[in-house]
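The values are calculated or read from the model by the stated rules, or taken from the named source; none is laboratory data. What you see is a predicted model; the values in this text were computed from it and never measured. As a convention, Cβ positions derive from the backbone with ideal geometry for all residues, glycine included, and neighbour counts pool all protein chains shown.
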Amino acid sequence: MGRRRKAGKYPYDYTDGDDRRFADSGAAGTLRVLHGPGPGMGVTEGVLCRVEVLATDGRTLDEAAAGRFGKEHRLHGTAPGERVTVMVWGRYAADDGCACGAADCDSVLDELATTRDVVLTGDLGDVLRFGVGPAWDQVIAIDTGNLAPVASDPAACRWGAGVRLRGARTAGQP
């Protein structure tokens with residue numbers, strides 16, 4: 001078994017062996033649903049997120065949703081250089097508004113969506129994160145190890161939902 005990388009540097013906690021197995025898996029990239037902020041990416045605490053990956057011909061390559069603890073999806077049937085479209089939908093499920101207690105609370109209860117055209121590189125060092133929600137920047141900071149996961153809990157005014165793609169870059173970027 002390979003050694004775990006230093007915590008915080010690679011929050012997804014892959015081993016060198018995992019990366020070697022990926023290279024032989026026939027996938028050009030991976031995706032993981034991100035949501036929060038909160039105590040763990042498998043604990044949704046009201047944040048709903050759905051991700052779809054489409055091939056250029058419109059076929060669905062993968063679908064994922066928040067709530068599967070630590071689920072990293074390999075994009076099987078893809079090859080380096082292939083373009084895909086990744087769509088993210090997210091919202092906060094609260095019927096009674098926000099419970100954060102802040103006087104200047106600005107709840108966001110509508111479903112938000114974003115789409116990105118992506119080129120799969122096959123290089124797991126190429127990491128792309130994107131998403132929606134008023135606290136998406138906090139979710140990124142937790143995923144990159146720059147913010148403690150327990151720093152805050154999601155609320156109707158403070159939530160984020162999105163995706164981390166490894167082996168991918170935004171189409172049109174070198």
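May I ask you to list pairs of residues, at least six apart or on different chains, whose Cβ atoms are under 7 Å apart, with the first in the range 97-117 being in a strand (DSSP E or B) and the second being among the basic types (Lys, Arg)?
Final answer for the pair search is LEU112/ARG91; ASP117/ARG83.
Taking the range 24-64 as the region of interest, how many residues are touching a Pro at 6+ places or on another chain (Cβ under 9 Å), farther than 14 Å from ARG129 by Cβ and either at pLDDT 90 or above or part of a strand (DSSP E or B) (or both)?
Residues flagged as touching a Pro at 6+ places or on another chain (Cβ under 9 Å), farther than 14 Å from ARG129 by Cβ and either at pLDDT 90 or above or part of a strand (DSSP E or B) (or both) within the range 24-64 amount to 2.
Among (1) more than 17 Å from ARG32 (Cα to Cα); (2) modelled with pLDDT of 85 or more; (3) surrounded by 15 or more Cβ atoms within 10 Å (Cβ to Cβ), which single condition is PRO80 missing?
Of (1) more than 17 Å from ARG32 (Cα to Cα); (2) modelled with pLDDT of 85 or more; (3) surrounded by 15 or more Cβ atoms within 10 Å (Cβ to Cβ), only one is false for PRO80: (3).
Any idea which of TRP159, TRP136, TRP89 is modelled with pLDDT of 90 or more and within 18 Å of GLY38 (Cβ to Cβ)?
TRP136
Is it fair to say ASP117 is surrounded by fewer than 17 Cβ atoms within 10 Å (Cβ to Cβ) and over 14 Å from THR30 (Cβ atoms)?
Taking the combined requirement at face value, the residue satisfies it.
Check off (1) over 15 Å from the mean Cα position of the chain (by Cα); (2) crowded, with 16+ Cβ neighbours inside 10 Å; (3) among the hydrophobic types (A, V, I, L, M, F, W, C); (4) not in a strand (DSSP E or B) for LEU124 and give me the number that stays unchecked.
Just one mismatch for LEU124, condition (1).
Just give me the residues in the range 95-132 being in contact with a Leu (Cβ under 6 Å, 6 or more places away or on another chain) and of a type outside the set (Val, Ile, Thr), in sequence order.
LEU128
Could you go through the range 144-156 and let me know if any residue there is modelled with pLDDT of 85 or more and touching a Lys or Arg at 6+ places or on another chain (Cβ under 6 Å).
Checked the range 144-156: no residue is modelled with pLDDT of 85 or more and touching a Lys or Arg at 6+ places or on another chain (Cβ under 6 Å).
This table checks each residue for (1) over 20 Å from LEU31 (Cα atoms); (2) out of contact with any strand residue (DSSP E or B) (no Cβ under 7 Å at 6 or more places or on another chain).
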{"site": "ARG74", "(1), (2)": "no, no"}
{"site": "TYR92", "(1), (2)": "yes, no"}
{"site": "CYS100", "(1), (2)": "yes, no"}
{"site": "ASP104", "(1), (2)": "yes, yes"}
{"site": "SER107", "(1), (2)": "yes, yes"}
{"site": "LEU124", "(1), (2)": "no, no"}
{"site": "GLY160", "(1), (2)": "no, no"}
{"site": "ALA168", "(1), (2)": "no, no"}
